[in-house]
Amino acid sequence: MKETELPSFDVSEEGEATPLSGPTLSIDLSTLFTPNVYSSGTFDLSAISSSSIGRLLDALPIPVLLIDQWFQVGFVNRACGKISSDYQKIKGVPFANLVPLPTDVSKAQSLAQKIQALIERAFATRRPQISEAILEIENNRIWARLHLRSVRIGLERHVLLIIENLTHEKTQLILTRRNDEKYRKANFELGKRIDYLTEEVHRLTKQLEIQTNQHMHTLEILNGEQQRKEELWERVPLSLAIVGDDGYIRQINSKFSKTFGYRQSDLNGNYNWIGGFKGASGAGIVQNRSDWTEFLHVLGDNGIKSVEIACKDGGSRTVNLTAIPMVNQELLLIFDE
């Protein structure tokens, strides 16, 4: 336990606990002394240290005080040194002075009255009394449970006060409560965070669902457009071919195959079927799309020219060739008889 974590004892407390059981009479200590000690009818508590009972009380490992009929500390055993090394200085001090009072005047008066009443009750009822309070002995404070018992020596009664140090237990209780509060706050914040994340997940899930539906709708539209495009591609009464950016024929329609007899695989690598075609590397050789554009520019105006197509069956057809630039650096070739 770090010193900075110890309680400050800023608030004085005093509470009562009901004794479990006990006799109503004082404990008679007279038999522990020779008659001449108290034969005068009075007994000075300062003389108890040299007696057998004094040595017995000094041998006890717990702090013990004897309070006289004037409510002053008459005897302090050695175990009080556990609270303060200057414990002997409290002899002759009113016991009420050992209980630090709060700064609030009304609370201070109330606490002082309770302490006074506690001692008076121990004297008057001669029953065991138990109470809890903060004690201060020479600037050292502890939480204490006070066990009070009336004792008699000769004709005089005194109060035997046993001090049970609760500082460790109280400190642990405070730290436990403090940690419990931290955990409670942490759990509360965690709960809020989980609620927020859960709500965010629901929101994102809903948003994803909307976007998915929109995407599916877009796909349906695109699929419909693609189907219409393919249908138009096959239904148009013209021979069509698409040239990629590498100069290869990417696609032909069925009209092209019926008119010239070629499949798509027959066309790539063999461009002699187009009369007069000459690429940058020589006749019938294509390296890229620019070979087609150069061919169209040289042989015709505005991308339209008349060419002779050698059909696969050995015949030939003269057609008008039109080239239209498309996206992705492609060309659409239209062969019109």
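Throughout, read-outs are computed from the coordinates displayed, never taken from laboratory work. Not measured: the values here are computed from a predicted model. Don't worry about glycine lacking a Cβ; one is built from the backbone with ideal geometry, like all the others, and counts go over all protein chains shown.
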The alpha-carbon pair-distance distribution computed for segment 144-214, with 5 angstrom bins and whole-percent values, is 4, 12, 9, 8, 7, 8, 6, 7, 5, 6, 5, 4, 4, 3, 3, 2, 2, 1, 1, 1, 0
Once both label points are put 7 Å beyond Cα along the C-beta direction, the Thr103-Tyr196 separation in nm becomes 3.8
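Extension gain Glu231-Ser49, at 0.36 nm per residue separation less the Cα-Cα distance, in nm? Let's see the in-between values first.
Numbers: separation 182, 0.36 × 182 = 65.52 nm, distance 12.01 nm.
Using 0.36 nm per residue and subtracting the Cα-Cα distance, I get 53.5 nm.
Please sort by residue number the chymotrypsin sites (Phe, Trp or Tyr not before Pro) in segment 139-207 whose DSSP state is loop and whose Cβ has at most 16 other Cβ atoms within 10 Å. Mind showing how you got there, number by number?
Values: sites: Trp143, Tyr183, Phe188, Tyr196; in loops: none.
Counting only loop positions with at most 16 other Cβ atoms within 10 Å, none of the chymotrypsin sites (Phe, Trp or Tyr not before Pro) in segment 139-207 qualifies.
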Segment 183-207 and segment 84-156 have their Cα centres apart by a whole-number Å value of 54
